[in-house]
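The values are calculated or read from the model by the stated rules, or taken from the named source; none is laboratory data. Predicted, not measured: the structure shown is a model, and the values here were computed from it. Every residue, glycine as well, gets a Cβ built from its backbone with ideal geometry; the counts of neighbours run over all protein chains shown.
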Amino acid sequence: MNLPEKVRITWADHRLYGVELPVHGWHHIGGEIHLLLTLPDGSRGYFPAAGTALFDAQERTTLTLDGNSVRQLRQLIVALQARNRRRRRVGGQTSK
């Protein structure tokens with residue numbers, strides 16, 4: 001995902017509504033995309049991307065897949081999942 005340098009808060013009921021904040025990254029939290037933002041007090045925090053103008057700022061494109069493309073995508077996903085499982089087994093348990 002190409003992130004903009006700054007993003008405007010569009011969540012109407014939020015105290016930061018209308019404020020534009022610097023973006024530093026993103027993360028999936030609870031199945032949602034959250035942006036890592038610098039807040040007005042200088043701290044950093046995650047904010048739901050749906051409550052920002054991120055998707056308004058992104059160029060919207062459409063992807064159409066045929067049957068062969070879906071098969072190739074599925075093979076790629078399976079390969080990536082297998083690689084992640086191998087990494088977890090080799091790396092052992094990680095601390096939280």
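Quick notes
- Looking across region 17-38, the residues that are closer than 16 Å to Pro4 by Cβ and either in contact with a helix residue (DSSP H, G or I) (Cβ under 6 Å, 6 or more places away or on another chain) or among the charged types (D, E, K, R) (or both) come down to Glu20, Ile33, Leu35.
- In region 31-45, the residues that are hydroxyl-bearing (Ser, Thr, Tyr) form Cβ pairs under 9 Å with partners that are assigned to a strand (DSSP E or B), at six or more places apart or across chains, as follows: Thr38/Leu21; Thr38/Pro22; Thr38/Val23; Thr38/His24; Thr38/Arg44; Thr38/Gly45.
- Filter pass, Thr10 being among the polar types (S, T, N, Q) and free of Cβ contacts under 8 Å to residues at least 40 places away in the same chain: no
- Scanning region 77-96 for residues that are over 22 Å from the mean Cα position of the chain (by Cα), of a type in the set (Val, Ile, Thr) and at pLDDT 80 or above gives no hits.
- Boolean, Pro4 is surrounded by 14 or more Cβ atoms within 10 Å (Cβ to Cβ) and part of a loop (DSSP other than H, G, I, E, B): yes
- Residues in region 7-40 that are among the hydroxyl-bearing types (Ser, Thr, Tyr) and surrounded by 15 or more Cβ atoms within 10 Å (Cβ to Cβ): Thr10 alone.
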